[in-house]
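For reference, the structure discussed in these notes is given below.
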Amino acid sequence: MALWNRLKESAQTMQAQLEERRNELRGGAFRDASMAVCALVAAADGTVEPAERRRVSYLIANNEVLRNFPAGELRSLFEDRLDAIAADRERGRADALQEIAKVRRKPLEARAVVQIGILIAGADGRFDLAERAVVREVCQALDLPPHEFDL
């Protein structure tokens, strides 16, 4: 129970931080990297059930920061990225990480991408080992220390 409470509190703090900087998070590279991290997290365990797709799509559409972009556009980017991972897991993951790396030189956007990944991962009340490993990999692609995000 303590881990869940810590995760919930951390997610609330991250969401508040993102909302404070919402107006600075409007670029296409941020949008694309955010959808790439959502797809990587959703596919972290190797499968993506239809219910999980719907849940992540709902979260994408209702995240205050991501409302800077049309919801349909975000869903399409997310679904395309998931389809690419499903078609060829290694190539799809590599392409997603390349997309994420495009915000490496933009510290605010890079940190926001990691935070969105964590929020998506924890949305079901769990932040399992496979999801943590994906977010750590994203940190590596962005040259960010995982411990900055309690990973």
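The values are calculated or read from the model by the stated rules, or taken from the named source; none is laboratory data. The shown structure was predicted, so the numbers you read here are calculated from the model rather than taken from an experiment. Cβ placement follows ideal geometry from the backbone for every residue including glycine, while neighbour counts extend to all protein chains displayed. To get the accessible areas, we keep the full protein, side chains included, count just its heavy atoms, and leave off ligands, DNA and RNA. Shrake-Rupley method; radii C 1.70, N 1.55, O 1.52, S 1.80 Å.
Observations, loosely collected:
- Helix runs (DSSP H) in the chain reaching 15 Å along axis by Cα, Kyte-Doolittle at least -1.0: 2-20, 28-42, 50-62, 71-87, 107-121, 129-141
- Local charge for residue 137 was computed over the other residues whose Cβ lies under 11 Å away, with Lys and Arg +1 and Asp and Glu -1, and equals +2.
- Here Cα extents along the principal axes in Å was computed from the coordinates, and among [x] 37, 34, 28; [y] 45, 32, 32; [z] 53, 35, 35 the match is [x].
- Cα-centred dipole magnitude for the chain, charges only on beta-carbon of K, R (+1) and D, E (-1), debye, nearest 20: 260 debye
- For the chain, with all protein chains in place and a probe radius of 1.4 Å, 49% of the accessible heavy-atom surface sits on carbon or sulfur.
- Over the range 94-151, Cα pairs under 8 Å with separation of 6+ residues give a relative contact order of 41 percent.
- Note: relative contact order over the chain, using C-alpha pairs below 8 Å and six or more positions apart, is 34 percent.
- Cα lying deepest toward the dipole's positive end in the chain, options 116, 68, 36, charges on Cβ: 68
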